[in-house]
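> Please read through the structure below; I'll follow up with questions.
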Amino acid sequence: MEDKFHAQRLIMVAEQIEARGISDERVLKAMRDIPRHLFMPPDTWQFAYDDSPVPIGRGQTISQPYIVAFMTAALDVQRKHKVLEIGTGSGYQAAVLSRLCDRLDSIETIPELAHQAEKNLRTAGIENVTVHTGDGNLGLPHLAPFDRIIITAAAARTPQRLLEQLVEGGLCVAPVGPPTFQWLKRFCRKGHTWQEEDLLPVSFVPLVGS
């Protein structure tokens, strides 16, 4: 099937992502390959490759392309890694990560969004992502531990329960802070402690759940 947005995607990566310092070629290739418009309502496709988040319904958004690329690069996913995503949303972030690892599990609290994300991923031909409906704050302890965890909505405080589901040396990237302003943080597990690093000021919708 012809991809009429291919040229727009190349421009998006060059001008919005590479130009801002993202240099991981694996991430850039994933961003060039994954059709962002397939993860958005059809009446918003004209905004699919703009430098902005876009509403996807139920008070949720698909993140700005640069933020998706930045978080993906910060997570440093390798093919062997077992990855957990908190907040499936449209499925776009999961789709990008799916190009870097063999297996990804993603949790979405809102059943309608989880169902739509599954459809979006199938439409995009992605088969190595499993979408779970449930409270993302709880993670997936029965499948833990994970090498990498990404949280795509704002946690009000350090997500301790999720950090405990990391392997030794595992990484978690998450926006943490109040609803209006957060810091994107990277946590690295060191035994029973976690090294914490501030990466970028951001603004995400709040993480839904307990």
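> For the structure I just gave you, tell me whether Thr72 is part of a strand (DSSP E or B) and either crowded, with 20+ Cβ neighbours inside 10 Å or out of contact with any Gly (no Cβ under 7 Å at 6 or more places or on another chain) (or both). Steps first, answer last, please.
Values: part of a strand (DSSP E or B): no; either crowded, with 20+ Cβ neighbours inside 10 Å or out of contact with any Gly (no Cβ under 7 Å at 6 or more places or on another chain) (or both): yes.
The answer is no for Thr72.
> Considering (1) out of contact with any strand residue (DSSP E or B) (no Cβ under 9 Å at 6 or more places or on another chain); (2) of a type in the set (D, E, K, R); (3) surrounded by 14 or more Cβ atoms within 10 Å (Cβ to Cβ), say which one Glu127 fails and leave the rest.
Every condition holds for Glu127 apart from (3).
> Check off (1) in contact with a Pro (Cβ under 9 Å, 6 or more places away or on another chain); (2) farther than 18 Å from Ala30 by Cα; (3) surrounded by 14 or more Cβ atoms within 10 Å (Cβ to Cβ); (4) not hydroxyl-bearing (Ser, Thr, Tyr) for Ala95 and give me the number that stays unchecked.
If we test Ala95 against (1) in contact with a Pro (Cβ under 9 Å, 6 or more places away or on another chain); (2) farther than 18 Å from Ala30 by Cα; (3) surrounded by 14 or more Cβ atoms within 10 Å (Cβ to Cβ); (4) not hydroxyl-bearing (Ser, Thr, Tyr), just (2) comes out false.
> Check Gly59, Gly21 and return the single one that is within 25 Å of Ala154 (Cα to Cα) and either hydroxyl-bearing (Ser, Thr, Tyr) or touching a residue at least 24 places away in the same chain (Cβ under 8 Å) (or both).
None of the others qualify; the one that does is Gly59.
> Looking at the stretch 94-118 only, could you name the residues that are of a type in the set (Lys, Arg) and within 10 Å of Val131 (Cβ to Cβ)?
none
> Which residue, of Phe181, Phe187, is more than 30 Å from Pro42 (Cβ to Cβ), of a type outside the set (D, E, K, R) and crowded, with 21+ Cβ neighbours inside 10 Å?
On the way: Phe181 fails: crowded, with 21+ Cβ neighbours inside 10 Å.
Only one candidate passes the filter, namely Phe187.
Taken together, the values in this text are just the output of simple stated rules run on the coordinates, not laboratory data. Quantities reported herein were computed from a predicted structural model and do not represent experimental measurements. A quick note on method: Cβ atoms are made from the backbone with ideal geometry, for glycine too, and the neighbour counts reach across all protein chains shown.
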